[in-house]
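The values are calculated or read from the model by the stated rules, or taken from the named source; none is laboratory data. Here the structure is a predicted model, which is why all the values come from computation and not from measurement. Methodologically, a virtual Cβ is constructed for each residue, glycine included, from the backbone with ideal geometry; neighbour enumeration extends over all protein chains shown.
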Amino acid sequence: MRYLLTLALILLFPKTSYAVISIPSSLSAGEQELVLQTLGFGTSFRPVNNPYPLGGYSGFEMGLSANNIPTQDIGLYGGGSSVEKNVTYPLISIGKGIFDNIDILFNFIPYGESTGIGIYAGALRWSFFQATFVPASFGLLLHGSSTNVNNVFNSQTVGADIITGVNIEPFSFYLGAGSIHGQGQFNSTLTTTGFSENQVVRAFHTLIGLNVEIASFFTAFEIDVYNTTIIALKFGARL
């Protein structure tokens with residue numbers, strides 16, 4: 001527990017605070033779609049853990065992650081603004097086994113002025129095939145998320161991924177692909193029309209990750225590719 005509390009302090013209260021995401025005004029419909037792809041997909045659910053099932057009712061996982069979104073291009077849209085090249089935001093993660101091969105997973109960070117972002121995301125993971133003679137597994141990940149940025153941009157995403165993993169203790173490698181659907185609501189202060197507007201986008205999604213376990217603890221690194229590339233690093237424990 002002391003290990004996780006230390007990680008919480010590092011991730012949630014670092015010496016240099018997480019950058020607040022800035023969104024320019026006077027965004028056209030096309031530019032709104034690009035912002036939705038960057039921020040909506042960039043804050044969607046991602047597992048960042050061992051793809052092997054948690055193991056039924058007794059399986060429980062908790063962790064803390066840092067997620068990085070490249071946001072520099074957003075500053076070129078609309079009326080333009082000064083935007084950080086990259087924005088890093090923290091997430092608290094909880095996972096619980098339901099049956100032997102079905103897990104529910106949650107990622108969240110309450111809205112705060114220090115980050116200007118609030119995220120609630122969840123997923124149902126079903127490991128539908130585990131090989132007998134090789135340490136490989138295949139799973140289906142159904143996920144959704146809701147994001148608030150500075151109270152002027154809100155997005156919701158739903159998606160489905162097929163993920164395959166190989167476990168060679170203490171390492172786990174995994175990769176996956178699927179589709180993601182997002183919709184976003186832009187406050188009237190961000191649009192060229194002066195009215196609130198909604199946009200919808202879809203994209204193909206790929207991911208690759210590495211998980212390293214030491215006793216009950218783990219470190220996971222994941223790269224997700226949409227129209228942009230998101231990098232996530234998580235520290236946690238399976239109990």
*So residue 79 fits all but one of (1) surrounded by fewer than 18 Cβ atoms within 10 Å (Cβ to Cβ); (2) at pLDDT 95 or above; (3) under 30 Å from residue 193 (Cβ atoms); (4) not hydroxyl-bearing (Ser, Thr, Tyr); what number is the exception?*
(2)
*Taking region 179-213 only, how many residues are outside any strand (DSSP E or B) and either at negative phi or of a type in the set (A, V, I, L, M) (or both)?*
8
*Only residues that are loosely packed, with under 15 Cβ neighbours inside 10 Å, over 15 Å from residue 216 (Cα atoms) and among the hydroxyl-bearing types (Ser, Thr, Tyr): list them for region 45-76, please.*
57
*What is the number of the single condition among (1) among the aliphatic types (A, V, I, L, M); (2) at pLDDT 95 or above; (3) not in a helix (DSSP H, G or I) that residue 36 does not meet?*
(3)
*Residue match in region 142-163 (condition: surrounded by 18 or more Cβ atoms within 10 Å (Cβ to Cβ), over 30 Å from residue 71 (Cβ atoms) and of a type in the set (Gly, Ala, Ser))*: no
*With respect to residue 101, is the statement that it is polar (S, T, N, Q) and at pLDDT 90 or above true?*
yes
*Within region 228-239, restricting attention to residues that are over 12 Å from the mean Cα position of the chain (by Cα) and surrounded by 16 or more Cβ atoms within 10 Å (Cβ to Cβ), which residue is nearest to residue 180 (Cα to Cα)?*
228
*asked:* Condition first: within 21 Å of residue 23 (Cβ to Cβ) and among the hydroxyl-bearing types (Ser, Thr, Tyr). Now tell me which residues in region 187-239 satisfy that.
replied: 188, 189, 191, 192, 193, 196, 226, 228, 229
*Considering only region 108-129, state which residues are closer than 20 Å to residue 207 by Cα and polar (S, T, N, Q).*
127
